[in-house]
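The values are calculated or read from the model by the stated rules, or taken from the named source; none is laboratory data. From a predicted model like this one, the values you see are computed outputs, not experimental measurements. When we count neighbours, we look across all protein chains shown, and the Cβ atoms used for this are built from the backbone with ideal geometry, even at glycine. Heavy atoms of the whole protein, side chains included, go into the accessibility calculation; ligands, DNA and RNA do not. Shrake-Rupley method; radii C 1.70, N 1.55, O 1.52, S 1.80 Å.
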Amino acid sequence: MVQELTHQEARRVCDDMKFDCENTSQLTPLEAIVGQDRAVKALQFGLRIQSKGFNIFVSGIPGTGRKTAIQDFVKVQAAGMPVPQDWCYVNNFNDSSKPRAISLPAGRGNEFREAMDRLVAQIVPALREAFESADYAKKREATMAAINKERNEIVAKINAMAQEAGFIVQPSPIGLTLTPVTKDGRPLTDQEFAQLPAALQREIQAEREKLNARIGDTFRPLQDIVRRVDKELMDLNRKVAHFAMGPFIGGVREQFKDNEEVIEYLQEVEKDIVDNVPLFLNPQPGGQNTPVIDPTRNYHVNLVVDNKETKGAPVEIEQNPNYQRLFGYTEREARFGTLITDYTMIRGGSAHRANGGFLVIPVERMFQDPLVWDALKQTIANAKLELEDPVARMGYIITKTLRPEPIPFTGKVVLIGNPRTYSILYSLDPDFKKLFKVKADFDTSMDRTQENVEKYTKFVCGLVQKENLLHLDPSALAAVIEESSRIAEDQGKLSTEFAVIADMIREASFYAQEEGATHVTRDHIRKQVEEKDYRSNLIQKKTEEMIEKGTILIDIEGKRTGQLNGLAVLGVGDFVFGRPSRITASVGAGREGVIDIERQAQMGGSTHTKGVLIISGFLHDRYATDAPLSLSARVVFEQSYSGVDGDSASSTELYALLSELSGVPIRQNIAVTGSVNQKGEVQAIGGVNQKIEGYYETCKAVGLTGEQGVMIPRANVRNLMLKEEVVEAIKEGKFHIWPVRTIDEGIEVLTGVPAGKRGKDGRYPDGTINGLVQQKLFDLARVVKEYHP
């Protein structure tokens with residue numbers, strides 16, 4: 001005999017007396033994470049271990065405390081770790097397209113940048129002062145005087161040779177020319193030379209060629225002198241430049257003498273300054289189409305990671321993880337219609353700032369940028385941060401751009417995502433399991449123990465104090481605990497979806513403040529639940545209205561054969577509600593077995609089809625042990641136009657079939673939910689609270705008679721956390737719940753007729769449901785044999 005549930009079994013009430021306080025202001029806020037012991041242990045392990053590949057994937061649905069836990073634990077772990085190095089990019093004087101990366105201890109990067117800025121400001125004044133000094137002028141004049149003396153001797157010798165041969169040396173646009181002279185030393189004009197006899201002209205021309213050859217031999221030392229002049233002046237300039245820049249570069253060198261990379265870079269800077277002294281002394285002005293050239297631009301330091309203010313290891317939580325924000329980018333500047341860039345325009349990303357610490361990334365947002373995942377894997381696997389132009393990375397456009405030197409990456413990456421994303425990555429990406437070896441799984445519920453209840457109330461206290469809400473009295477705390485169990489759909493559990501609980505408290509506090517109350521009470525929590533449902537239950541009320549007006553056919557009184565009310569759950573955004581659906585069955589002679597009309601119409605899901613096949617298995621197991629099963633049966637959800645899935649109605653469909661086969665009518669005031677296996681055991685289903693409440697609302701809209709109720713699997717009793725209105729109706733005898741373990745128990749509740757047990761001869765007692773079904777199947781088998789031998 002199936003016993004109805006009492007109102008105490010329909011909802012586990014929390015006693016106000018459990019809370020030893022007048023309100024939450026007397027409680028101590030909770031500092032720890034509640035109800036996530038497994039995830040916390042995994043996090044602590046993953047954050048401490050330093051081996052390669054032990055990055056963390058935090059799995060759980062939003063609102064379970066994932067982000068808060070990560071922030072708290074990562075910050076605690078980071079506080080005890082050393083501050084990582086600063087990183088700078090400087091010019092590569094050998095190849096400007098490949099800037100060099102230099103690391104310095106935390107805070108020293110800014111000092112290096114400032115030191116180089118001071119040096120850059122001192123270069124031009126120091127060089128001009130040195131090269132405009134009287135001492136430099138004297139040394140240059142002395143060098144030029146010695147050279148000019150040798151030059152003048154060679155020129156005098158050439159002039160003497162020309163005069164001796166009857167020529168003089170004259171400058172021309174193409175060099176020096178030898179011009180013949182008269183006896184009185186006057187140069188001949190071209191006209192006079194043309195009037196000379198041809199023989200004399202040939203004689204003068206021959207003499208000129210001989211003289212040119214002699215002068216060429218004499219001029220060769222002069223070319224060596226010119227080269228020597230250039231070299232000696234260049235050496236002088238280098239010496240002066242070294243002397244002028246020595247104190248300034250020496251100061252920077254002394255400041256960073258313990259860093260070999262900086263010392264090597266300063267040597268390259270000094271060499272470049274010395275090699276380009278004219279650019280500093282005579283800067284090129286910008287024209288209409290040419291920019292002004294700053295000769296000191298290549299000596300600035302680009303500080304991409306500055307840990308001067310960092311305490312412990314850095315923690316970066318990147319909420320917008322696109323490629324540029326994670327891995328940095330290179331800016332471009334428009335100059336005279338052209339986009340240009342250099343090492344000073346390199347900007348670091350979150351991964352650069354998190355280097356040596358922790359980088360936290362929401363994984364679902366990360367996949368919005370197709371470049372990020374491969375780049376992240378490459379960074380972790382190679383332990384290098386490479387800054388590459390996204391367009392070039394995709395390979396669509398190849399342009400000359402910067403390829404900065406990669407920076408070693410020693411950070412730990414923490415991904416936050418849902419369980420589905422974890423499953424997809426683990427099964428489809430072979431690199432994932434190598435790079436993310438630690439999984440921190442956040443649960444959606446925890447045990448409803450006294451200890452956890454106390455932690456829950458302390459969490460509420462912390463929220464109220466943090467957001468300056470009204471404090472909760474014991475009745476409100478008890479209501480919160482009950483609603484938490486309702487969200488968890490388990491009387492022995494509490495929900496860890498703290499975002500939902502926090503919103504509940506915020507709304508209840510708002511209603512309390514509107515009423516002018518000093519504390520939040522149970523009534524305010526109840527009002528919050530009701531108002532939230534009211535904002536979202538339009539579709540539910542429209543459905544109930546159609547049932548009330550007869551548009552959707554539902555019987556909640558009387559008895560019918562082969563017809564029963566099943567219960568389904570519908571979701572509309574954040575609101576889930578239950579609604580009854582009429583399920584009917586028809587039976588005839590044939591060999592097709594049980595036919596799923598939903599599947600035949602391509603409106604049934606695979607799980608629903610499985611449930612119908614299980615029904616066929618049940619019939620064979622129970623009634624076809626001595627003879628083949630010969631029937632053609634059809635089951636369907638009436639007035640269903642949007643598809644059906646799930647097996648929670650399989651027991652309901654089976655009851656309808658048994659009623660049709662036995663000819664015994666079923667009580668229409670009872671709605672049924674529950675799946676069934678081939679042995680006739682009724683199994684637990686989901687959404688039991690919403691299904692019961694949905695049928696209750698329907699009965700209330702049409703008219704409660706005191707006879708209506710719902711039959712559920714016995715295994716779902718622990719999941720009952722019904723609304724207080726439904727519980728009160730059960731207490732007053734206006735609504736009923738029957739828990740059943742087997743199909744036999746259920747059919748007895750629905751028909752009032754014994755199910756019957758099989759005898760030793762394999763037959764069921766006459767007049768029982770099983771006996772009537774067995775006899776009907778025998779009759780159908782004879783018909784099939786007679787007409788289809």
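Evaluated at q = 0.07, 0.11 Å⁻¹, a Debye calculation over the C-alpha positions of the chain (equal weights, vacuum) places log10 I(q)/I(0) at -0.78, -1.20. Taking every Cα-Cα distance in region 18-78 and sorting them into 5 Å bins starting at zero, the pair-distance distribution P(r) comes out as 3, 15, 23, 20, 13, 10, 8, 4, 2, 2, 0 percent. Evaluating 6.51 cos²θ - 1.76 cosθ + 1.60 at θ = phi - 60° for every residue in region 379-384, the Karplus couplings come out as 4, 5, 5, 8, 6, 9 Hz, glycine and proline recorded as x.
How much FRET efficiency would the formula 1/(1 + (r/R0)^6) give for residue 624 and residue 3, where r is the Cβ-Cβ distance and R0 is 30 Å, rounded to 0.05?
Details: r = 33 Å, r/R0 = 1.10.
Once rounded, the FRET efficiency stands at 0.35.
By DSSP, the beta bridges lying fully in region 293-434 are antiparallel in about 45 percent of cases.
As a test, work out the antiparallel percent of DSSP beta bridges whose residues both lie in the chain, rounded to the nearest 5. Before the final figure, lay out each step's value.
On the way: 47 of 79 bridges.
For the chain, the DSSP antiparallel bridge percentage is about 60.
Full extension of the chain segment joining residue 592 with residue 45 gains 191.1 nm, where the gain is 0.36 nm per residue of separation less the Cα-Cα distance.
What's the center-to-center distance, using Cα atoms, between region 85-143 and region 183-198 in Å? Here the answer is 63 Å between Cα centres. Against the chain, whose longest principal axis is taken from its Cα atoms, helix 66-79 shows a tilt of about 40°.
Put a dot 7 Å past the Cα of residue 420, heading toward its Cβ, do the same for residue 700, and the two dots end up 3.2 nm apart. Close amide-amide hydrogen proximity is noted between residue 494 and 446, 447, 448, each under 5 Å apart and 5 or more residues distant or on a separate chain (H modeled in the peptide plane; Pro and chain starts excluded).
Bridging of residue 138 to lysines at a Cα separation below 30 Å is possible for 149, 157, 231, 239, 271, once same-chain residues fewer than 8 apart are set aside. For residue 594, the residues whose modelled amide H falls within less than 5 Å of its own, excluding neighbours fewer than 5 places apart on the same chain, are 633.
At a Förster radius of 41 Å, what calculated FRET efficiency corresponds to the Cβ-Cβ distance of residue 148 and residue 331, to the nearest 0.05? Walk me through the numbers before you get to the answer.
Numbers: r = 52 Å, r/R0 = 1.27.
The computed FRET efficiency comes out at 0.20.
Pairing the Cα long axis of helix 522-536 with the longest principal axis of the chain, what angle in degrees results, from 0 to 90 and rounded to the nearest 10? On a 0 to 90 degree scale, this one is about 80. Angle check, please: helix 606-623 long axis (alpha carbons) against the longest principal axis of the chain (alpha carbons), in degrees 0 to 90, nearest 10. Orientation of helix 606-623: about 30 degrees from the principal axis. Per residue, the convex hull around the alpha carbon atoms of region 405-531 comes to 186 Å³.
Each residue of region 673-686 was assigned a 3J(HN,Hα) from its phi angle through the Karplus curve 6.51 cos²θ - 1.76 cosθ + 1.60 (θ = phi - 60°); the sequence is 9, x, 8, 9, 9, 5, 9, x, 8, 8, 10, 5, 10, x Hz, with glycine and proline shown as x. Think of each Lys and Arg Cβ as +1 and each Asp and Glu Cβ as -1; about the Cα centre, that makes the dipole of the chain roughly 1700 debye. Centroid-to-centroid, using Cα positions, region 419-433 and region 549-591 are 40 Å apart. With Cα atoms defining each centre, region 1-68 and region 610-634 are spaced 46 Å apart in the structure.
Taking amide H positions as modeled 1.01 Å from N, with prolines and chain starts lacking one, the residues under 5 Å from residue 317 and 5 or more places away or on another chain are 360. Between residue 731 and residue 541, the contour length at 0.36 nm per residue exceeds the Cα-Cα span by 65.9 nm. Each residue of region 651-666 is assigned a 3J(HN,Hα), and the resulting list reads 5, 4, 5, 5, 4, 4, 5, 4, 5, 5, 6, 7, x, 8, x, 10 Hz, derived from the Karplus form 6.51 cos²θ - 1.76 cosθ + 1.60 (θ = phi - 60°), x at Gly and Pro.
In summary, the lysines within cross-link reach of residue 760, defined as a Cα separation below 27 angstrom excluding same-chain residues under 8 places away, comprise 679, 776, 785. A 1.4 Å probe, protein heavy atoms only, puts the accessible area of residue 263 near 30 Å².
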